[in-house]
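The next block holds one structure in the form of structure tokens; read it before the comments.
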Amino acid sequence: MHAIIGLGNPGSEYEGTRHNLGFDVVDALCRRLRVGFRAGKGEYLVAQSSYRGTSLTLVKPLTYMNNSGIAVQDIVERFTEGCESLLVVCDDFQLPFGKIRIRPKGSDGGHNGLYSIIYHLQRHDFPRLRCGIATEAMPKRKTEMAQFVLSPFAKEESSAVADMIDRAADAALTFVHEGIEAAMNRFNT
């Protein structure tokens with residue numbers, strides 16, 4: 001079974017923010033697969049489906065971004081056959097706005113959600129799909145970065161954001177059906 005985990009923060013005040021792109025991608029997958037989220041047995045929401053014969057669990061942790069690893073550790077133990085069948089979807093302020101990148105492993109890259117997952121799993125070799133949010137409006141000082149990632153996208157960015165979410169959902173389903181190499185070759189442009 002595969003699990004796609006979208007990172008974000010629960011609550012209406014975080015909807016539409018840059019930091020909730022992971023939630024937005026799994027929401028898009030739910031719409032495509034015609035499933036809905038329900039409470040999981042831990043601090044997360046789950047939606048179960050299948051895609052081209054592969055069982056699939058979609059997840060939204062409710063632990064807030066900085067504690068994402070708590071929920072992810074539980075998901076790995078309950079729903080996957082190991083980290084290679086897990087895909088974490090998140091925003092990335094080091095990737096240009098609108099770009100997506102899928103990798104089989106890596107560092108946290110300054111992302112607190114990825115840091116928490118690496119800490120709780122005690123490993124960094126899990127697939128992740130990053131959605132770029134870096135723009136000219138991004139602050140130069142790290143101390144102002146939290147305010148930036150928790151801000152909503154500008155109105156003029158909405159079309160590009162919708163396109164990025166759509167491509168990220170395509171990449172996630174390619175990962176499930178064809179594997180990470182195929183997803184990387186097709187979407188890391």
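Throughout, read-outs are computed from the coordinates displayed, never taken from laboratory work. Computed from a predicted model, the values in this text were never measured in an experiment. Note that we place each Cβ from the backbone using ideal geometry, even for glycine, and neighbour counts take in every protein chain shown.
For the stretch 2-187, the residue among 152, 93, 109 whose Cα projects farthest onto the positive side of the dipole built from Cβ charges is 109.
The magnitude of the dipole of the stretch 120-189, with charges of +1 and -1 set on the Cβ of Lys/Arg and Asp/Glu and taken from the Cα centre, is near 360 debye. Between residue 51 and 56, the built amide H atoms are under 5 Å apart, and every one of these is 5 or more places off in sequence or on another chain. All other residues whose Cβ lies under 12 angstrom from that of residue 149 are scored, Lys and Arg at +1 and Asp and Glu at -1, for a net of -1. Legend: distances between Cα atoms for 60/142; 105/140; 99/142; pairs beyond 23 Å are 60/142; 105/140. For the chain, the longest principal axis of the Cα atoms and the long axis of helix 21-33 meet at an angle of about 40 degrees. Placing unit charges on the Cβ atoms of the charged side chains and taking the dipole of the stretch 1-148 about its Cα centre, the candidate lying farthest along the positive direction among 35, 137, 124 is 35. As a calculated quantity, the FRET efficiency between residue 154 and residue 81 at R0 = 30 Å, using C-beta atoms, amounts to about 0.15.
Taking a label point 7 Å from the Cα of residue 52 along the Cα→Cβ vector, which residues of the stretch 158-189 have an amide N closer than 15 Å to it? Answer for the stretch 158-189: 169-187. Ordered by the number of other Cβ atoms lying within 10 Å of each residue's own Cβ, fewest first, 78, 128 fall into the sequence 78, 128. In this calculation the C-beta distance from residue 38 to residue 94 is compared with R0 = 25 Å, giving a FRET efficiency of 0.15.
Put a plus charge on the Cβ of each Lys and Arg, a minus charge on the Cβ of each Asp and Glu, and nothing anywhere else: the dipole of the stretch 2-187 about its Cα centre is then about 120 debye.
In this entry, the chain is assigned a mean projected area of 9.8 nm², taken as a quarter of its C-alpha convex hull surface.
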